[in-house]
Amino acid sequence: MIRFIYISAFVIFLAACTGKNDNTQEPVIEEIPLSIRETDSLVVAHLISQSSTYYNNNITTAPAFDEYLKEAEGIALNNNFKRPLSSIYHTVSRRYRNRSEYAIAIQYATQALELGKAINDPTLLANYLNMTAVIYRRIDENSQAMELHMQALELAESTNDSFQVSIAYNGVGNVYLGLKRYHAAMQYFKKSFSLAEQKGNILGQAINANNIGEALKNLGQLDSALVYFYQSLDYNTQIDSKPGQAICYNSIGDTYRLKKDYRQALKYLKRALVLNKKTRDRINVSTSYSILGETYMHVYDYNNAITNLQEGLAIAQDIGSKYQIEICARLLAETYEKVDNLKAALTHLKISQAYKDSIFNEENVRHIEVLTAQNEAARAKTEIQQLHSETSLQKKLILQQKKTIIYFAFFILALIAATILIYRQTKLKEGYKSIVMQQRLLRSQMNPHFIFNALSAIQVYILENDMENSSKFLSDFAKLMRQVLRSSQREYVTLDEEKDMLNYYLKLQQLRFVQPFSYNIEFGQSIDPKNILIPPMITQPFVENAIEHGLKSIGKAGLVEVRFYTKKDKLLIEIEDNGIGLTGSKMAKINGAKHESMAVQITNERLHVIEKVTKKRTSFEMTDQHIQSADKNGVLVKIEIPIIKPNNKNAQSK
């Protein structure tokens, strides 16, 4: 009828126009189909508006799909008006959802979604996705709800639609709330609240304040939860939202129940039940009954408890709310157990457990976590793309700086090349110094005078036909030469090997030395001579000095002692003699100065190499004992180096 009135008026208007000027008749006729289509569009919009007014004024009695919307649907289908048609189905779906008729609500929501995809409007589609997800949340299909909210969030973020982003955040938070992930839920509620606050969306603030309170309540923070519930109630009162007020009364009543203030709890819960019945929101009616039943159970009014819980369970089963079925059945099981109706208790316990397993099964939880992770990854990808765009904008500046960067790069490369060359040159110098030091060490160990004198002494035994001693000393001499030559190719030898070389050396010195002397080589108790390494013949130059310059003219039996012992992570070496000391004889000092100076220099160089390789300190000290104490004679040499084991990386042979 309304459509007929619109079209009739339009035709009369056209007739009036054609009566004035015949020449314009044909163009006007050509425009008639387009004008009728526009008129139909206006009619559909008017019908939808009329439906909203009628429904809001008769919310408890008006059908969800009223005559206004049915007539609008017919016109929209005839003209293929996808956007108005999607709006009609979306409106019908929302009304059925608010009445907790979820099966039929999903049917219309799905139709609205399909049309939304065909329209290709991201903002509209994000809205439909969010609203469809709410229905799935109401029947505790959390996995499906999360997937739809995530799709809505991605679309809304791509168009900077903060309103739909806020709704999606709230939806994700509610999924986590249903899965008892309260901290994660609260994070999303706070994000949603912040966006609603920025846009002055009081309804959004009311919803999220209540949700935050629910998370806090479940975390046991009851006083904080009440603050948010009363804040939400204030927002809902400002916008005169009766469903919102009823939800707040439920939440406040449940919190007082947890605080064991049952009088206050019953007061708010009864208010909630009255309002929920008026709004015909059956999910919240079921919630009111379940909390009332639990409260009556705590005050030992078991008859009222059972009555309310049965009402709540019946509604939950009728609307298909798994969450409410689980709660009501569980509380009925507890109540029946208290009145010794064990059969009924067991029956309801089984119902509760079955729905609990359905809600919290691992596969759903895992799927939700995967969706969340995918969304975070997608957001990260978007951020990377934004950064890439920003980088592209800076290309001009980069091109201007290109020459400077190239010059700087060449400078750095030249600097690196110079550093490498200097480093290699330094290494070559160090290698050369090492070779020179080894040659000098070898020369000091194979002193020509010592070799000549040793061979002369052996010759005397041979001439005297003392074959036993000559053979023995010749063998020792050969072993010493072999050891010296072998050790000259190695960085380190064991203490055992060092002792053997010293033994051969000192025996030969005893053979050729006119003034008799004895010697002693000692190891500390904690030393394992096979598992400690030292530079080869490090003690030999000082032993030679002791014999040649310290014991030569003392006029009594001489003594040379070589001691090895450990102190913490250090190896301590001492060479001590009872000779004339450093200042005992000017002539001896003059004659021995060159060799003694070489011994000290070589030792210092070797210790420097050890410090460089091991990164640990060494020390060297040579003391005239007579200066320290009048009762003592001779020289005491102390060398301190790090303990080096055979498996140490610094102990590798050359």
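Derivation of every value follows stated rules applied to the coordinates shown; laboratory data play no part. Treat the numbers as computed from the prediction; the structure is a model and nothing was measured. Note that we place each Cβ from the backbone using ideal geometry, even for glycine, and neighbour counts take in every protein chain shown.
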- Task: Work out from phi, with θ = phi - 60° and the Karplus expression 6.51 cos²θ - 1.76 cosθ + 1.60, the ³J(HN,Hα) of each residue of the stretch 103-108, listed in order in whole Hz, and give x for Gly and Pro.
- Result: 4, 6, 4, 5, 4, 6
- Item | Relative contact order (%) - criterion: Cα under 8 Å, at least six apart; region: the stretch 33-92 | 38
- Whose amide H sits under 5 Å from the amide H of GLU491, counting only residues 5 or more places off or on another chain, with H placed in the peptide plane? LYS654
- Message: Could you list TYR182, TYR176, TYR230 so that the one with the fewest beta carbons within 10 Å of its beta carbon is first and the one with the most is last?
- Response: TYR230, TYR182, TYR176
- Item | Relative contact order [Cα under 8 Å, 6+ residues apart], the stretch 484-651, whole percent | 23
- Query: Short version: ³J(HN,Hα) in whole Hz for each residue of the stretch 255-261, in order, from phi by Karplus 6.51 cos²θ - 1.76 cosθ + 1.60 (θ = phi - 60°), x for Gly and Pro, what are they?
  - Reply: 5, 5, 4, 5, 7, 6, 9
- Item | Too-long pairs where the Cα-Cα distance tops 27 Å, listed order kept, from LYS117/LYS242; LYS270/LYS343; LYS612/LYS638; LYS507/LYS638; LYS507/LYS567; LYS530/LYS556 | LYS117/LYS242; LYS270/LYS343; LYS507/LYS567; LYS530/LYS556
- Euclidean distance of C-alpha centroids, the stretch 483-546 and the stretch 138-180, integer Å: 83
- Task: Assign one of three labels to the stretch 148-232, namely rounded, prolate or oblate, based on the Cα gyration tensor with a ≥ b ≥ c the square roots of its eigenvalues; rounded applies when a/c is under 1.5, prolate when it is not and a/b is larger than b/c, and oblate otherwise.
- Result: oblate
- Item | About the Cα centre, charge dipole magnitude for the stretch 109-245 (Lys/Arg +1, Asp/Glu -1 at Cβ), debye | 280
- Item | DSSP-defined beta bridges in the stretch 484-651 - what % are antiparallel, rounded to 5 | 75
- Task: Calculate the dipole size of the stretch 48-152 relative to its Cα centre from +1 charges on Lys and Arg beta carbons and -1 charges on Asp and Glu beta carbons; express the result in debye to the nearest 20.
- Result: 140
- Query: Which cross-chain or sequence-distant (5 or more) residues have an amide H under 5 Å from the amide H of VAL560, H modelled 1.01 Å from N in plane?
  - Reply: SER518, TYR519, ASN520
- Task: Rounding to the nearest 20 debye, state how big the charge dipole of the stretch 484-651 is about its Cα centre with +1 on each Lys and Arg Cβ and -1 on each Asp and Glu Cβ.
- Result: 340
- Most to least packed among 561-571, 518-528, 121-131 [average Cβ atoms within 10 Å]: 121-131, 561-571, 518-528
- Item | Lys/Arg +1, Asp/Glu -1 at C-beta; the stretch 484-651 dipole; positive extreme among ILE644, TYR504, ILE575 | ILE644
- Query: Can you run phi through the Karplus equation (6.51, -1.76, 1.60; θ = phi - 60°) for the stretch 539-544 and list ³J(HN,Hα) in whole Hz, with x for Gly and Pro?
  - Reply: 8, 4, x, 7, 5, 4
- Percent RCO, i.e. relative contact order, over the stretch 215-282, from Cα pairs under 8 Å lying at least 6 residues apart: 28
